[in-house]
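Values in this text are rule-based calculations from the coordinates and carry no lab data. This structure is a prediction, so every number in the text was calculated from the model and none was measured. So basically every Cβ, Gly included, is an ideal-geometry build from the backbone, and we count neighbours across all protein chains shown.
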Amino acid sequence: MATLPTSVSRFPLPTAYKPTGTLHFPANPGAERKPAPRRERRPNSALRSSLVERQSPAKGGAAEVEAEVHLQELEEFLRGDLPHLFDERGIDRTRYDRRVRFRDPITKHETVEGYLFNIWLLKLLFSPDFYLHHVKQTGCYEITTRWTMVMKFAILPWKPELVFTGVSIMGVNPETQMFCSHVDLWDSIQNNKYFSFEGLLDVLKQLRIYKTPDLVTPKYRILKRTATYEVRKYEPFVVAETKGDKLSGSSGFNDVTGYIFGKNSSMEKIPMTTPVFTQASDDKLSEVHIQIVLPMGKELDSFPAPESKAVHLRKVEGGIAAVKKFSGKATEEVVRSIEEELRSILLRDGLKPQQGCLLARYNDPGRTWTFIMRNEVLIWLKEFTLE
């Protein structure tokens, strides 16, 4: 059996927020929380049984109590250790057996050396950010973590962003009380068994070119990425808005850009941001406002008043949104079709979409090829539970 070189003790990741257990996100803070119907994603039984050969201790016996204590200690260890997966500190290998069976849909290793090599390779190629959502015991000798990983493939000139969300099932050796297996299941595919061509295709399709301007955007964290949409948690942001004519239209754009170009009470020029939003607040998508996001980190009352009475400033409280990205020209027909498709999928998945939607357009249509444009349709959710 191979052993890890003594010079390799830790491998790295950036800080992550670490709430434990199930995460529940209401649409509005303070609003009454009602449980949303949810479809529980159960890992394949064959994957679970392959984690570690184990026998459950006698219920209520000393062995069961001891196992429970050890699992709680390992949960706390993971909460503190995993956020360092890709940073300079790195993970602590002393809680892993020498022979750790690691597997995700397109990668597998049979030793701790292979596991650490996989971490090193990801760090080298992708500059990944890892966010740990929760850690919880899911079996007698099993701990499950939920996470988001965002990676920029710096080797390619357009630096595509790859996003993976899912769970890691960590098997514990009942004799050593160390981790002996690690199986990753991605939310974006159905076939999570190694080797998954569906998983490889999921990677390759994220390498396509989307042009995102190097401008300030509203801050959000991706909670879940499925095959068809992302679920994001947006922080509050401020917009300058005026009435528009239709989702794909540009009516009112000159009014809101006039505000940031100096048509305000202090004649201040405000930095440009992206995207430009058009928001429809009704179920027929007919009551439309066009919005420009104002720079982050400032409160509503710190911005100068608009010179035009048609322009208003408003704070968007943020919340949870389901988002579908697409390229090409955002015509009214295309946008409405995507909104209808996304809403149908959300209802199928047991989520509760609010009425209306937003169209986010990131690019100047006069200076960007249509096939690399980044457009998005967003639908706010009434609530969301991250299992």
To the nearest 20 debye, the range 220-386 has a Cα-centred charge dipole, built from +1 on Lys and Arg Cβ and -1 on Asp and Glu Cβ, of 440
Distance between Cα centroids, the range 312-355 to the range 101-157: provide it in whole Å.
30
Find how much the distance from Val69 to Thr217 grows on full extension, using 0.36 nm per residue of separation minus their present alpha carbon separation; answer in nm with one decimal.
48.8 nm
Give the calculated FRET efficiency between Thr385 and Glu341 to the nearest 0.05, with a Förster radius of 25 Å applied to their Cβ-Cβ distance.
0.60
Any aspartates and glutamates whose Cα falls less than 13 Å from that of Lys211, other than same-chain ones fewer than 8 residues away, would be Glu161, Asp364, Glu376
Taking the range 220-386, the equivalent ellipsoid from its C-alpha gyration tensor has semi-axes in Å, biggest first, of 27, 18, 15
For Leu132, Leu82, ascending order of other Cβ atoms within 10 Å (fewest first) is Leu82, Leu132
Order these by the 10 Å Cβ neighbour count, fewest first: Glu76, Glu383.
Glu76, Glu383
Given pairs Lys193/Lys324; Lys108/Lys136; Lys152/Lys324; Lys324/Lys352 and cut-off 22 Å on Cα-Cα distance, the over-length ones are Lys193/Lys324; Lys108/Lys136
Based on the Cβ-Cβ distance from Leu124 to Lys284, what FRET efficiency comes out when R0 is 51 Å, to the nearest 0.05?
0.50
